[in-house]
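Undergrad: This structure is in structure tokens; I'll ask about it shortly.
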Amino acid sequence: QVQLVASGGGLVQPGGSLRLSCAFPHSIFSFITMGWYRQAPGKERELVAVYPNTGSRIYADSVKGRFLISRDNAKNTVYLQMNSLQPEDTTVYYCNARQIESIYWGQGTQVTVSS
């Protein structure tokens with residue numbers, strides 16, 4: 001079982017920034033994609049950003065130009081830099097990783113954007 005550990009959530013004012021981190025237990029090169037999703041109460045989990053090991057990064061339209069997904073291969077960590085946060089970004093964020101036959105999720109980290 002692969003355990004992903006997400007961290008970095010918190011309370012921030014509108015227009016502020018947060019950086020989420022997702023720590024992987026071993027080399028991130030063993031995964032096909034790594035990404036971030038979010039899920040509001042009563043809604044389906046939605047893609048925020050995906051970083052494939054090959055190909056271009058993918059972002060939801062709602063976060064393009066504000067969020068940036070990045071990786072530190074040496075630290076086996078994937079980040080989500082979130083800028084210009086708005087109240088509608090408030091929800092629980094989950095990191096995700098995919099291998100050929102498996103999907104893994106982190107435990108979720110709460111992001112609250114409020115004045």
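Undergrad: Want the number for Ser70 to Arg98: 0.36 nm per residue separation, take away the alpha-carbon distance, what's left?
TA: 8.5 nm
Undergrad: In whole percent, and with a 1.4 Å probe on the protein chains, what portion of the accessible area of the chain is carbon and sulfur?
TA: 49
Undergrad: Still on this structure, I have one more. Roll a 1.4 Å probe over the protein chains and send me the accessible area per residue for the range 1-97 in Å².
TA: In whole numbers, the range 1-97 has 51 Å² accessible per residue.
Undergrad: Give me the net charge of Gly55's neighbourhood, meaning all other residues with Cβ under 15 Å from the Cβ of Gly55; Lys, Arg count +1, Asp, Glu -1.
TA: Net charge in that neighbourhood comes out at +3.
Undergrad: Right, here's the next one. Under 8 Å for C-alpha pairs, at least 6 residues apart: give me the relative contact order for the chain, rounded to a whole percent.
TA: Relative contact order here is 37 percent.
Undergrad: Run the quick spin-label model on Ser84 and Arg45: label points 7 Å from Cα toward the beta carbon, then report their separation in nm to one decimal.
TA: 2.8
Undergrad: Which semi-axes, in whole Å and largest first, does the equivalent ellipsoid of the range 23-115 have when worked out from the alpha carbon gyration tensor as the square roots of 5 times its eigenvalues?
TA: After diagonalising the Cα gyration tensor, the semi-axes are 23, 14, 12 Å.
Undergrad: Now for a different question. Using a 1.4 Å probe and counting only protein heavy atoms, arrange Asp89, Asp61 so the residue with the most accessible area comes first.
TA: The most accessible residue leads, giving Asp61, Asp89.
Undergrad: What number, in nm² with one decimal, is the all-direction average of the projected area of the convex hull of the alpha-carbon atoms of the range 1-48?
TA: Orientation-averaged projected area of the Cα hull: 4.9 nm².
Undergrad: Let me ask something additional. Cβ under 11 Å from Asn96's Cβ, Asn96 left aside: what net charge do those residues give with Lys, Arg +1 and Asp, Glu -1?
TA: +3
Undergrad: So, one more: Compute the relative contact order of the range 1-62 as a whole-number percentage, counting only Cα pairs closer than 8 Å that sit 6 or more residues apart in sequence.
TA: Relative contact order here is 22 percent.
Undergrad: Same structure again: For a quick check of your reading of the filter: which GluC sites (Glu not before Pro) in the range 37-115 sit in a DSSP loop and have no more than 10 other Cβ atoms within 10 Å?
TA: Answer by residue number: Glu44, Glu101.
The values are calculated or read from the model by the stated rules, or taken from the named source; none is laboratory data. Bear in mind that the values here come from a model prediction, so they are computed numbers and not experimental data. All Cβ positions, glycine included, derive from the backbone under ideal geometry; neighbour counts span all protein chains shown. With ligands, DNA and RNA removed, areas are computed over all heavy atoms of the protein, side chains included. Shrake-Rupley method; radii C 1.70, N 1.55, O 1.52, S 1.80 Å.
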